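Here's the structure we're looking at; comments come further down.
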Amino acid sequence: METFEVIQPGPLTTIQDLGRYGYQQYGIPPSGALDDYAFRAGNLLVSNEESAASLEITLFGCQLRVLQDTAVAVTGADLTATLNGSPIPRWETVPVHRREMLSFPRLKSGCRAYLAIAGGINVPRVMGSRATYTKARIGGLEGRALRKGDILRTAAARPLTRRARISAAHLPAYGSRIELRVILGPQDDCFTEGGIHTFLQSDYTVSIQADRMGYRLEGTPIPHRRKADIISDGLPLGAVQVPGDGLPIVLLADRQTTGGYTKIATVISVDIPELAQTKPGDQVRFRRISENEAVTALQEYERKIQTAKNSSA
C-alpha cells in the first residue's frame, strides 16, 4: 500500500529496523536504528512489532506527503514535527490523512527522530533485515538514503483501538553533555595508568566526523604504552578504539566488523541511544562500571521498555 511520498528527504533519512545479525563474518555489520529505545517505542505506539521497519530522520528537513490514511508516531529527537504546518506531539499515536503534509523543519534537541508507521514500511528483507546499510547499498530502499519522489509502502496494519502515548516518566531527555558507562577492555592493558585516568576523567567533544559508523571525539589524547596497532579482531557495538593520535572513536551500528586499533573500553549497549542523540559540539564523559552493573543496567532497560509498552496500550 502506497502510504507516503517523499517531498524532501533531509540530509540523511533511512529505513531501519533492529538490525541484520549473523553476517559479520562476511564483513556485513548489523546496521539498524542507532537509538533503539526511541525506535522500539515508536513501533509500540502504532501497534507494530518492535522490529518493524521505520524511518530514522537525521537533524532536519524531511517532508512527506500522506497518500493513505494511517497512524504514525514520532519519537526520538525533537525536529519540531508538524502536520499541515501545525505542531504534533512526539511519543504519541497521531492519525494522519490523505493529502496532509508531515514535516520535520528544524532541530530543537537530540539528533535523530524516528517515524513509525502503522503496519511498518514494506521493503524487501536482505539477509533477514530491512535495515539500510548505505556503504554496501543493501537493505532499505535500494540500499540508500531516501530521495525526493520516493514512495514508501506499508504492510497491512493492526486495527488501532485508541491513541496511545508513552508516559512522561519514560521519556528520555537529550542534553549537550552526557555520561557514558563503559567496561574497560579488551586491550586496556595497552594503555598507561595515566592513559586510563585521562580516558575516565576527561571531557571529550563530538567532532564533525560523527555518523552511523562511529563518533570521533576530540579532547585530551590518551597515551598508549607502546603502539596503537594490534592484530585485527572483532568490533562490538560501542567499542572505543584509540588510534595513534590518542583520540577515542566510539563505534556504532554501521561500523566495520574488524579493526586493528587498540580498544580501551566498550560503551554498554543501553547507553548507545544517548550517544546517538548527540551531535558535533556536544560533550561526552566516560564512567567505568563492572560487568555485573552492566547486566543490571540492561535488565532495567528492558523493564523500562516493557513498562513503556504497557503504558502505551
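The values are calculated or read from the model by the stated rules, or taken from the named source; none is laboratory data. Since the structure is predicted, the reported quantities are computational estimates derived from the model, not experimental observations. Glycine gets a Cβ as well: all are built from the backbone with ideal geometry, and neighbour counts include every protein chain shown.
The table that follows gives values for the structure above.
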{"read-out": "Selection status of GLY281, over 15 Å from LEU34 (Cβ atoms) and either aromatic (Phe, Trp, Tyr) or in contact (Cβ under 8 Å) with a residue 12 or more places away in the chain (or both)", "value": "yes"}
{"read-out": "Yes/no for THR205 being within 19 Å of ASP245 (Cβ to Cβ), outside any strand (DSSP E or B) and not hydrophobic (A, V, I, L, M, F, W, C)", "value": "no"}
{"read-out": "The stretch 92-120 - residue that is of a type in the set (D, E, K, R) and touching a helix residue (DSSP H, G or I) at 6+ places or on another chain (Cβ under 8 Å) and, of those, nearest to PHE39 (Cα to Cα)", "value": "ARG112"}
{"read-out": "Filtered residue count, the stretch 150-183, keeping only those that are at pLDDT 95 or above, exposed (fewer than 15 other Cβ atoms within 10 Å of the Cβ) and charged (D, E, K, R)", "value": "2"}
{"read-out": "Some residue of the stretch 229-239 being touching a residue at least 40 places away in the same chain (Cβ under 8 Å) and touching a Pro at 6+ places or on another chain (Cβ under 6 Å)", "value": "no"}
{"read-out": "Residue satisfying condition, being surrounded by 18 or more Cβ atoms within 10 Å (Cβ to Cβ), charged (D, E, K, R) and at pLDDT 95 or above, within set ARG125, ARG147, ARG130", "value": "ARG130"}
{"read-out": "Those residues of the stretch 1-54 which are basic (Lys, Arg) and more than 21 Å from PRO95 (Cα to Cα), in sequence order", "value": "ARG20"}
{"read-out": "In the stretch 197-211, the residues that are closer than 30 Å to ALA145 by Cβ and either out of contact with any Phe, Trp or Tyr (no Cβ under 9 Å at 6 or more places or on another chain) or outside the structural domain of LEU298 (by TED's automatic domain parsing) (or both)", "value": "THR205, ILE208, ALA210, ASP211"}
{"read-out": "Flag if ARG98 is at pLDDT 95 or above, surrounded by fewer than 17 Cβ atoms within 10 Å (Cβ to Cβ) and not in a loop (DSSP other than H, G, I, E, B)", "value": "no"}
{"read-out": "Filtered residues of the stretch 298-312 (kept if modelled with pLDDT under 95, of a type outside the set (D, E, K, R) and either assigned to a helix (DSSP H, G or I) or loosely packed, with under 11 Cβ neighbours inside 10 Å (or both))", "value": "ILE305, GLN306, THR307, ALA308, ASN310, SER311"}
{"read-out": "Spans of strands (runs of 3 or more DSSP E) in the stretch 238-296 with at least 1 residues assigned by TED's automatic domain parsing to the domain that holds GLY219 and surrounded by fewer than 15 Cβ atoms within 10 Å (Cβ to Cβ)", "value": "258-261, 283-288"}
{"read-out": "Residue check for THR3: in a strand (DSSP E or B) and either surrounded by fewer than 17 Cβ atoms within 10 Å (Cβ to Cβ) or over 17 Å from the mean Cα position of the chain (by Cα) (or both)", "value": "yes"}
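For (1) part of a loop (DSSP other than H, G, I, E, B); (2) not assigned by TED's automatic domain parsing to the domain that holds ILE28, each residue gets a yes or a no:
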site: ARG90; (1), (2): yes, no
site: GLY110; (1), (2): no, no
site: GLY149; (1), (2): yes, no
site: LEU152; (1), (2): no, no
site: ARG181; (1), (2): no, yes
site: GLY195; (1), (2): no, yes
